[in-house]
Amino acid sequence: MELRHLRYFVAVAEERNFTRAAERLHIAQPPLSRQIQQLEEDLGVALIEKGSRPLKLTEAGQFFLAHAKPLLDQVRDLKAMTQRVGKLERTLSVGFVASTLYGLLPDIIRRYRERHPEVEVTLHEMTTVEQLKALKEGRIDVGFGRIKSEDPSIRRIRLRDERMVVALPSGHRLAERKEGVRLRDLIHEPLLVYPKAPRPSFADQVLAAFSEANLTPDHVTEVRELQIAMGLVAAGQGISIVPESVLGMHHRNVVYLPIEDDHAFSPVLFSVRHMDRSPELENMLAAVYSIYDDMGLRYEMGRL
Ligand code: BEZ
């Protein structure tokens, strides 16, 4: 059994159709069918129920699929990490969600660069969902994001929980308040959430905070990204809910107030490939915690 048999079988099982699987694999259908037949002969069991449309897996097929997928993930990780180890110059590609750029990310990257000038650091703005794909494809080595995922090929460390704040246009009836607001004070306001895609995203975290409080906002508009949401708030088109870091954005005509509900928090997550234990990652984690210490922030220390 070769790795290509696993790849072909996973494509057929996921697409539930030989034609679509062949297209996805960029091969013709007859050789794909032959390879699956060869695999079944080699294993001595049927993996696909004969004549089923759409295609159905046998019990053995389901078992094989469940184990083949993590194996392929490991092979892909192994490739990305071996390429990393083999490189003479040390590099670290960092994916980050936009909100962190207005908060602690610049301090953390500066600290890391001061401590490790020999490492070439590159930064790439992307959503958490995009980070997971980029990690698996070896395009980034670490992602700073906000959305939890159950992907077994990714290791996640929850760095801290960050309070959500509401961004209001200056002159808004709530903007003069000295104390914070509750989510229930916001349900009749036009709410701008971001990013529209890919999902799940911070937009879902904000909507989940309302539903956890048994509330439904009246008017929700999804916008492409944080910067658009904030521009629209400044223009008086609505309000938005953002992590506290965004206070660093200093937008003219925008006022921020803390949200006082107990669960109105967004986590900051550190994600890496499951097998990756490179010193660059340990050092990046140490840079994060040293900035937290300097800022007097509360956190629970995680390990790679
Ligand atoms: C934070 O805000 O906690 C954070 C931001 C960027 C990278 C790591 C942590």
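Going by Cα centres, region 113-146 and region 176-214 are how many Å apart?
Centre-to-centre (Cα) distance: 28 Å.
Starting from the Cα gyration tensor of region 49-203, take the square roots of the eigenvalues, sort them a ≥ b ≥ c, and report rounded, prolate or oblate (rounded when a/c is under 1.5, otherwise prolate if a/b is larger than b/c, else oblate).
oblate
Could you work out how much longer the chain between ARG139 and PHE63 gets when fully extended? Use 0.36 nm per residue separation minus the Cα distance between them, nm to one decimal.
Additional length available on full extension: 24.3 nm.
How big is the gap, in Å, between the Cα center of region 275-304 and the Cα center of region 30-55?
Cα centres, region 275-304 to region 30-55: 48 Å.
Just add up the charged neighbours of LEU297: K/R +1, D/E -1, any other residue whose Cβ is under 12 Å from the Cβ of LEU297. Provide the component values of the computation, followed by the final result.
On the way: positive: ARG160, ARG163, ARG298; negative: ASP107, ASP161, GLU162, GLU244, ASP293, ASP294, GLU300.
With Lys, Arg at +1 and Asp, Glu at -1, the neighbours total -4.
Put +1 on the Cβ of each Lys and Arg and -1 on the Cβ of each Asp and Glu in the chain; which of ASN253, PRO195, ALA209 then has its Cα farthest toward the positive end of the dipole?
Going by the Cα projections, it comes out as PRO195.
Take the solvent-accessible surface of the protein heavy atoms, probe 1.4 Å, and return the percent of it on the chain that carbon and sulfur atoms account for.
Taking all protein chains in place, the chain shows 51 percent carbon and sulfur surface.
What is the sum of charges around GLY145, taking Lys and Arg as +1, Asp and Glu as -1, for the other residues whose C-beta is under 15 Å from the C-beta of GLY145?
Numbers: positive: LYS133, LYS136, ARG139, ARG146, LYS148, ARG155, ARG156, ARG158, ARG160, ARG199, ARG273; negative: GLU125, GLU130, ASP141, GLU150, ASP151, ASP161, GLU162, ASP204, GLU225.
Charge balance near GLY145 sits at +2.
Taking Cα pairs under 8 Å and at least six residues apart, what relative contact order does region 215-304 come out at, in percent?
Values: 24 pairs, mean separation 15.4, N = 90.
Relative contact order for region 215-304 comes out at 17 percent.
Ignoring everything except DSSP H segments at least 4 long, calculate the 222 nm mean residue ellipticity for the chain; use -39,500 (n - 2.57) per segment, divide by total residues, nearest 500.
-13000 deg cm²/dmol
Dipole of the chain, Cα-centred, from +1 at each Lys and Arg C-beta and -1 at each Asp and Glu C-beta, to the nearest 20 debye?
Roughly 520 debye for the chain.
Using Cα springs under 10 Å in a Gaussian network model of the chain, which residue among ILE147, ILE241, ILE187 shows the largest mean-square fluctuation?
Result: ILE187 has the largest fluctuation of those listed.
Test of understanding: in a Gaussian network model of the chain with alpha carbons linked when under 10 Å, which of PHE96, PHE144, PHE64 would top the mean-square fluctuation ranking?
Comparing PHE96, PHE144, PHE64 in the GNM, the peak value goes to PHE64.
Nothing charged except the Cβ atoms of Lys and Arg (+1) and of Asp and Glu (-1): what's the magnitude of the dipole of region 41-139 about its Cα centre? Round to the nearest 20 debye.
The dipole of region 41-139 has a size of about 120 debye.
Counting pairs of alpha carbon atoms under 8 Å apart in space and at least six apart in sequence, what relative contact order in percent does the chain give? Before the final figure, lay out each step's value.
Details: 486 pairs, mean separation 63.8, N = 304.
This gives 21 percent for the chain.
By its C-alpha gyration tensor, with a ≥ b ≥ c as the square roots of the eigenvalues, how is the chain shaped: rounded for a/c under 1.5, else prolate for a/b larger than b/c, else oblate?
oblate
Excluding ligands, DNA and RNA, what is the solvent-accessible area per residue of the chain at a probe of 1.4 Å, expressed in Å²?
I get 52 Å² per residue for the chain.
Once the other residues with Cβ under 12 Å from the Cβ of LYS56 are scored (Lys, Arg +1; Asp, Glu -1), what is the net sum?
Net charge in that neighbourhood comes out at +1.
Mind giving me the nanometre distance, one decimal, between the label points for GLN38 and VAL121, set 7 Å out from Cα along Cα→Cβ?
The two pseudo-label positions are separated by 4.8 nm.
Among ALA234, LEU92, LEU304, which residue has its Cα furthest toward the positive end of the charge dipole of the chain, with +1 on Lys/Arg Cβ and -1 on Asp/Glu Cβ?
LEU92
Among LYS133, LYS56, LYS148, whose mean-square fluctuation peaks in a Gaussian network model of the chain (Cα, cutoff 10 Å)?
LYS56
The values are calculated or read from the model by the stated rules, or taken from the named source; none is laboratory data. Being a predicted model, the structure only gives us computed values, none of them experimental. Cβ coordinates were reconstructed from backbone atoms using ideal geometry, including for glycine residues, and neighbour counts include every protein chain displayed. We work out accessible area using only protein heavy atoms, side chains counted, and drop any ligands, DNA or RNA first. Shrake-Rupley method; radii C 1.70, N 1.55, O 1.52, S 1.80 Å.
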